[in-house]
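**Q** Pasting a structure below so you can have a look.
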């Protein structure tokens, strides 16, 4: 193989690698763009008082009801409150199943709540699968799997994820020159967000301009 053929082959390999990288990157960005609204909506729900009231009820008061009657045996106002909490968490589980959100980070974020919720609702859901055949054995299985994964993640792992994010620091403010027109030419001005090296004193008058 002569030198020209070797160079051509090398360039072809580089072009293929670059093309593959750009395709993967584009696909990742496209997926993020398509699913960002849904993710923002879920996080907005997480801020609502109704969701937190539901969490408090499920984890603190649901145990006073008869779990053997399943969810359909609960009073309607209680049942729908439980559904709100369960389906809220199951939405995150479904987004993880389809690789729409970063599983490790969101499992750490929701670990304690998911484990606590499933401990409270699990007996009701398992009874519901038997009592109400219309739900099917798949009823809330995504939430159950999410809770199992969350239970396997230690609090230290969640802290590790936060430490990794903090270690990245804050990206530097971009710097770009701006050209300002003058009568006798152009001047380049730094428009970065960084503070200047030295600021004029507020108490000292500026030096007189030379003649």
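**Q** What relative contact order, as a whole-number percentage, does the stretch 45-167 give when Cα pairs under 8 Å and 6 or more residues apart are counted?
**A** Over the stretch 45-167, the number comes to 33 percent.
**Q** Considering the stretch 45-167, what Rg and Dmax in Å follow from its alpha-carbon atoms?
**A** 15.1, 51
**Q** Please report the base-10 log of the normalised intensity I(q)/I(0) for the stretch 86-154, using a Debye sum with one equal scatterer per alpha carbon and no solvent, at each q in 0.12, 0.24 (1/Å).
**A** Listed by q, the Debye log ratios stand at -0.30, -1.01.
**Q** Which peptide among 124-130, 77-83 comes first, and what is the full order, when sorted by highest mean count of other Cβ atoms within 10 Å?
**A** 124-130, 77-83
**Q** Can I ask one more? R0 = 35 Å: FRET efficiency of residue 97 with residue 13, Cβ-based, nearest 0.05?
**A** FRET efficiency, residue 97 to residue 13: 0.45.
Coordinate-derived values only; no laboratory data. The shown structure was predicted, so the numbers you read here are calculated from the model rather than taken from an experiment. For neighbour counting, all protein chains shown are included, and Cβ atoms are generated from backbone atoms with ideal geometry for every residue, glycine included.
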